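Taken together, the values in this text are just the output of simple stated rules run on the coordinates, not laboratory data. Just so we're clear, the structure is a prediction, and the values are computed from it rather than from any experiment. Here Cβ is always computed from backbone atoms with ideal geometry, including for glycine, and neighbour counts include all displayed protein chains.
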Amino acid sequence: MTRKNHILAPALLAISLAACAVSPTGRRQLALVSEDSAIVASEEAYAMQIGELRKEGKIVPESSSVARRVDAITGRLVAQAIEWRPETADWQWSIEIIDDPEVVNAWCMAGGRMAVYTGLIQKLDPTDDELAQVLGHEISHALANHTAERMSVAVATNAGVVLAGVLSEDSQRAMSTAALAAALAVQMPNSRAAESEADEIGIELAAKAGYNPNAAISLWEKMAAVSGGGPPQFLSTHPSPANRQERLAELAPQMMAYYEQARRNAPTHSVARAD
Ligand SMILES: [Zn+2]
């Protein structure tokens with residue numbers, strides 16, 4: 001049997017409901033779905049979702065200036081992600097820009113497959129430092145195994161079929177249940193504990209990649225400011241830990257030395273496209 005087709009199987013659920021793992025930062029996680037399974041499922045989900053968007057003309061071309069900007073920032077962050085967790089050098093790090101000016105969002109699936117929406121870039125108008133905080137935060141969710149954690153929640157609550165608006169019905173029918181859970185996982189809210197982890201890892205990755213840690217604070221201020229017409233998707237999938245602003249303001253000065261050192265000469269890592 002292939003593991004990807006059986007993740008939602010009731011027998012597996014019955015034997016593993018109590019399964020737990022420990023995140024890289026030491027927190028206990030619900031772990032019905034292993035990280036390896038999450039990576040395999042995410043690969044399928046990403047290929048399907050990006051392929052569908054590409055057919056609709058909703059993927060920003062690699063040659064555009066915004067894509068070059070996003071690639072340059074991502075490459076520097078990925079180099080630091082691999083420093084933080086060396087086995088992720090084997091991940092297929094990739095990023096696509098989805099052309100949807102109404103969607104203020106970004107995500108990173110298990111295995112390093114990322115997306116950012118044009119709505120985030122247009123509505124937030126982030127500086128490079130701020131965009132690095134968004135992407136560093138997303139990368140941190142993947143590094144800390146949060147995608148597998150959210151897939152586990154999707155499996156446990158049997159929510160893997162509610163994908164309206166994310167993928168066409170045809171695509172959903174063509175995908176394995178595990179890939180559906182992976183596609184759903186990035187649309188589900190992280191826990192506040194996972195948010196705190198991603199904030200802490202993200203600001204450090206960004207500083208070590210040469211991006212100003214103070215931008216973590218201004219980023220979240222901008223995010224709150226664009227929420228006038230209803231909260232942006234990013235805020236619904238990234239619920240705010242109670243003390244986010246205070247914690248980031250506390251962390252920023254501690255990150256300045258990394259930033260000062262890296263801003264002159266930060267290494268980069270190649271980042272692929274989905275096709
Ligand atoms: Zn988050």
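For this structure, a couple of remarks:
- In a DSSP loop and with at most 11 other Cβ atoms within 10 Å, the GluC sites (Glu not before Pro) in region 32-106 are Glu56.
- Between Arg54 and Asp36, residue separation times 0.36 nm minus the direct Cα-Cα distance comes to 3.8 nm.
- Mean separation of Cα contacts under 8 Å (6+ apart) over length of region 93-152, as relative contact order %: 34 percent
- Between Gln254 and Asp125, the simple spin-label model (points 7 angstrom out along Cα→Cβ) gives 3.4 nm.
- Pairs of Cα atoms in region 197-248 fall into 10 Å distance bins, from 0 up to the last occupied one, in shares of 22, 54, 23, 1 percent.
- Under 16 Å of direct C-alpha separation, and excluding same-chain neighbours fewer than eight residues apart, Lys55 reaches these aspartates and glutamates: Glu96, Asp99, Asp100, Glu169, Asp170, Asp275.
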